[in-house]
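In what follows, a structure is listed as structure tokens, so that the remarks can point back to it.
The values are calculated or read from the model by the stated rules, or taken from the named source; none is laboratory data. Fair warning: this is a prediction, and the values are worked out from it, not measured in the lab. No Cβ is skipped: glycine too gets one built from the backbone with ideal geometry, and neighbour counts run over all protein chains shown.
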Amino acid sequence: MMEELIENGHTLPSHEGTAFDDFYSLLEPLSIDSGNLPKTIIHGDWNPSNQLYNENNEVCSFMDFDTLQQGERVFDVAYALYFFLIQRRNEMVTQEFLKGYGALTQQEIDVLPSLIAKIGLYFGILVKYGEFQFERNLDQLKWIISEQGRNKVQECCIRDS
């Protein structure tokens, strides 16, 4: 993907010898075996900006289906939680989202924190300034893969029986 961006004239931020490399080395051991994760049709860009809300602040519609695809369903959950936990730092919204989303398998729950962190890493590769800037979110990304962060995410999840 990065090669395609460069071919199309995009300039990517340089991350050599930075906190980006250090964080990547923290993530490497947290491998995700996606072979057995449940698959479905996913939105691919599930974030608060792609939702419409009614007067009671309830989600009433989803928008922006240009990334709709078949994939691991936990990806949509991780993508949404990146916005709720990393960008907005709102555990209450996270709990409500997970309650509304429904039960996850234990394997999905186990990979969720590292997948959220990898989404942060992805945004960090592409964005040099602004709310997705890697250094701006680094402490929260480290927290999400820490024991405390993993426990918090897993406490919020509804387990598949």
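Quick look at the values:
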| read-out | value |
| --- | --- |
| Failed condition for GLU91, given (1) closer than 20 Å to ILE158 by Cα; (2) of a type outside the set (Phe, Trp, Tyr); (3) at pLDDT 90 or above | (3) |
| Subset of segment 140-161 (residues that are outside any helix (DSSP H, G or I) and under 15 Å from VAL77 (Cβ atoms)) | CYS157, ILE158, ARG159, ASP160 |
| Unmet requirement for GLU131, which otherwise passes all of (1) within 23 Å of LEU26 (Cβ to Cβ); (2) assigned to a helix (DSSP H, G or I); (3) touching a residue at least 24 places away in the same chain (Cβ under 8 Å) | (2) |
| Candidates PHE134, PHE84 - the one that is within 15 Å of the chain's Cα centre (by Cα) and under 18 Å from PHE20 (Cβ atoms) | PHE134 |
| Qualifying residue in segment 62-78 (condition: within 21 Å of ASN151 (Cβ to Cβ), surrounded by 11 or more Cβ atoms within 10 Å (Cβ to Cβ), modelled with pLDDT of 90 or more and in contact with a Phe, Trp or Tyr (Cβ under 7 Å, 6 or more places away or on another chain)) | yes |
| Leading residue by the ranking (modelled with the lowest pLDDT) among those in segment 1-47 that are in contact with a strand residue (DSSP E or B) (Cβ under 9 Å, 6 or more places away or on another chain) and exposed (fewer than 15 other Cβ atoms within 10 Å of the Cβ) | SER34 |
| Test result for LYS118, outside any helix (DSSP H, G or I) and either of a type in the set (Lys, Arg) or within 13 Å of TYR79 (Cα to Cα) (or both) | no |
